[in-house]
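Worksheet for the structure shown next.
The values are calculated or read from the model by the stated rules, or taken from the named source; none is laboratory data. It should be emphasised that the depicted structure is a prediction, and the values quoted were computed from it without experimental measurement. Cβ: placed from backbone, ideal geometry, glycine included. Neighbour counts: every protein chain shown.
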Amino acid sequence: MATQRQLLAAVLTAFLSAIASFAGAAAPAPLRCDDVTFLRRATLDLVGRQPTVEELDAFVASRSKSKRADLVDRLLADPAWATNWARYFRDVILYKRTDERAIFMAGPLEDFLKEKLDRPTPNWDEVAREMITATGAPLEHGETAIIIAQMGETAEIAAEVSRVFNGIQIQCAQCHDHFTDRWKRNQFHEFAAFFPRIEIRRQPGEGPDRFEVVSRDVDRRRAAKKPDNPRLGQIEHRMPDLDDPSKPGTVMQSRFFLTSDSLPLGTPDKERRKMADRLVTSKNNPWFARAIVNRIWTELVGDGFYDGIDDLGPDREPRNSEMLESLCDTFVASDHDIKTLFRGVMATPAYQSPAESRSSASRDVGETSCPQRLRADQLFSQVMTALGIDEEALPVRMGKKGGEMKKAFGTPRAGFNQAFGFDPGLPRDEITSSIPQVLMLMNGPQLARAIDGDRPTLLGRLLRDEPDDRAVADELHVRTLGRHATPAEIAVCVDHVRDTGDRAEAFEDIFWALINSAEFITRK
């Protein structure tokens, strides 16, 4: 751990020194957000929940110079980190599904990702490798998610592998040469030629259990027509003839568009995909590191090195390129350890800076933190924590659909995600509240029951056990906003209790207002 911290400190020191040297002056001390803001920011970002009052008071009281780094280490070691980020990457993959039925992969994919991330050194190249080469029954092998989400279609699988793991949207060259980047149509189809021998085999029965991802190297029906020609039954990818789609198209040889490494026609599926994995995840392929570094930086800091979260490439100029390359070098040196990447990003001046609005004219794009709207899973956990509700004790909606479909649609979290979820690939400034979202938090019957001060709810117990209205108001602020109430906020709450004349009703109003505040659904 000490070696990783020393490496990160050296990278950041060198980066700041280079800026100072270029400017001909000593590097000014970067502005840092206060401890309360950092604690809430880091806790929400890493484990997807609000800090407790005990965590808040202990962190603020600590005089340790390493307390921020210690906090990050502690949260990264928490199994909730793996759960929180497994849900994030689940959405990265499944929001691009081509068939709505593929949502049944939500549970298996989340389980696969949690298992891979919940390790002392979770390696991103291992995650990519298993997903690119995946076979097996989807319910047992969450790593098949990209294949299932694209229903086994060759071109779509190739596009998603490139987007997710290299951050390059080469699918724009599927029908024509790319309009703004260097990619040619034949390059897309050469890359797609790594994946034509994947098949989603259907078994007798109903539901997700009937599917299995397998390698299929021979089309037996075609081979049977002319057994003396062994090549007749071989499966190869063909680039369609745009002038005459009825023609069979051009047989394409597997070739990686970033390096021109290729495989001969006839290469079995397993060899093709192992080769694709090696090329995509290679330490010599800078886009593998840049893609995940840009993705995590964008999620944590709020603004990416590139305009698109997963729309990178050699024809796109990054912002803050020195920091980008420093983080990439550290990530590669760690053997693609995701936790090392998180430590690196969260130690930067940008992450630790006070948040500035994206619309601020004075903000340095990509170099200061931005307020972030919470993802659906974070917000659901936030609501559960604020209300003091055990998610595991919530009832699951029953129905005809069982198993993985129930996990995908029937749980309270899944229902909440349907209302509040959004594609992680979209810029955060394009994410806006919808009417169903607003109504769910403003006047949903479940929320009304959960904040009823006359029932055995968290608020009801708090009002029963704590006679001091000031203490109750402060407790509600910590639970919802991750900070103690200011004297002015306490005064407003006490005045409202006095003016209302009904203590339970007044604090229901206060609790409701806090949960519906912009500060509650946002992390600064």
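Checking every residue in the range 37-57 against the condition of being modelled with pLDDT of 95 or more, assigned by TED's automatic domain parsing to the domain that holds R210 and under 18 Å from R343 (Cβ atoms) gives zero matches.
Within the range 477-524, being of a type in the set (S, T, Y), closer than 23 Å to L39 by Cβ and either assigned to a helix (DSSP H, G or I) or in contact with a helix residue (DSSP H, G or I) (Cβ under 8 Å, 6 or more places away or on another chain) (or both) holds for T480, S517. Applying the criterion of at least 2 residues that are buried (at least 21 other Cβ atoms within 10 Å of the Cβ) and at pLDDT 90 or above to the helices (runs of 4 or more DSSP H) found wholly in the range 326-424 leaves 338-346, 349-352, 376-387, 412-420. Cβ-Cβ contacts under 6 Å between residues 6 or more apart (or on different chains), taken from a first residue in the range 175-195 that is farther than 14 Å from T259 by Cα and among the aliphatic types (A, V, I, L, M) to a second residue that is modelled with pLDDT of 95 or more and not in a loop (DSSP other than H, G, I, E, B), are listed as A192/T154; A192/A155; A192/A158.
For first residues located in the range 128-140 and not assigned by TED's automatic domain parsing to the domain that holds D209 and of a type in the set (S, T, Y), partners that are modelled with pLDDT of 95 or more and surrounded by 16 or more Cβ atoms within 10 Å (Cβ to Cβ) and lie 6+ apart or on another chain with Cβ distances below 6 Å do not occur. I'd like to check something: does the range 234-245 contain any residue that is hydrophobic (A, V, I, L, M, F, W, C), modelled with pLDDT under 90 and touching a Lys or Arg at 6+ places or on another chain (Cβ under 6 Å)? So far as the range 234-245 goes, no, none of its residues is hydrophobic (A, V, I, L, M, F, W, C), modelled with pLDDT under 90 and touching a Lys or Arg at 6+ places or on another chain (Cβ under 6 Å). Of all residues in the range 425-450, exactly one satisfies the criterion of being surrounded by fewer than 15 Cβ atoms within 10 Å (Cβ to Cβ) and basic (K, R), namely R449.
The residues of the range 430-451 that are over 21 Å from V494 (Cβ atoms) and part of a loop (DSSP other than H, G, I, E, B), listed by number, are I431, T432, S433, S434, G444. So which residues in the range 284-319 are touching a Phe, Trp or Tyr at 6+ places or on another chain (Cβ under 6 Å) and either of a type in the set (S, T, N, Q) or farther than 27 Å from V47 by Cβ (or both)? N294, L312, R316, P318, R319, listed by residue number.
Residues that are without any contact (Cβ under 8 Å) to a residue 60 or more places away in the chain and part of a helix (DSSP H, G or I) within the range 106-119 comprise L109, E110, D111, F112, L113, K114, E115, K116, listed in sequence order.
Residues considered: K274, K270. Of these, the only one that is in contact with a strand residue (DSSP E or B) (Cβ under 8 Å, 6 or more places away or on another chain) and not in a loop (DSSP other than H, G, I, E, B) is K270. Restrict the check to the range 292-312 and report whether at least one residue is of a type in the set (S, T, N, Q) and closer than 22 Å to E115 by Cα. No, the range 292-312 has no match at all.
Return yes or no: is P79 farther than 30 Å from R202 by Cβ and buried (at least 21 other Cβ atoms within 10 Å of the Cβ)?
Numbers: farther than 30 Å from R202 by Cβ: yes; buried (at least 21 other Cβ atoms within 10 Å of the Cβ): no.
Spelling it out, it is not the case that P79 is farther than 30 Å from R202 by Cβ and buried (at least 21 other Cβ atoms within 10 Å of the Cβ).
Entry remark, the range 294-319: residues being within 13 Å of T348 (Cβ to Cβ) and surrounded by fewer than 21 Cβ atoms within 10 Å (Cβ to Cβ) number 1 in total. Take the residues in the range 51-71 that are more than 27 Å from the chain's Cα centre (by Cα) and acidic (D, E); name whichever of them is surrounded by the most Cβ atoms within 10 Å (Cβ to Cβ). Residue satisfying both the conditions and the ranking: D57.
Would you mind stating whether G482 is on the phi > 0 side of the Ramachandran plot, under 32 Å from the mean Cα position of the chain (by Cα) and in contact (Cβ under 8 Å) with a residue 24 or more places away in the chain? Spelling it out, G482 is indeed on the phi > 0 side of the Ramachandran plot, under 32 Å from the mean Cα position of the chain (by Cα) and in contact (Cβ under 8 Å) with a residue 24 or more places away in the chain.
Evaluate the range 125-142: report whether one residue or more is more than 18 Å from R41 (Cβ to Cβ) and touching a Gly at 6+ places or on another chain (Cβ under 7 Å). The answer is no; no qualifying residue exists. The residues listed here are A291, A276; of these, the one that is surrounded by 13 or more Cβ atoms within 10 Å (Cβ to Cβ), outside the structural domain of R201 (by TED's automatic domain parsing) and at pLDDT 95 or above is A291. Counting the residues of the range 495-516 that are surrounded by 16 or more Cβ atoms within 10 Å (Cβ to Cβ), within 11 Å of D469 (Cα to Cα) and free of Cβ contacts under 8 Å to residues at least 40 places away in the same chain gives 3.
Of everything in the range 72-95 that's outside any helix (DSSP H, G or I) and under 18 Å from D377 (Cβ atoms), which residue is farthest from the chain's Cα centre (by Cα)?
Here the answer is D78.
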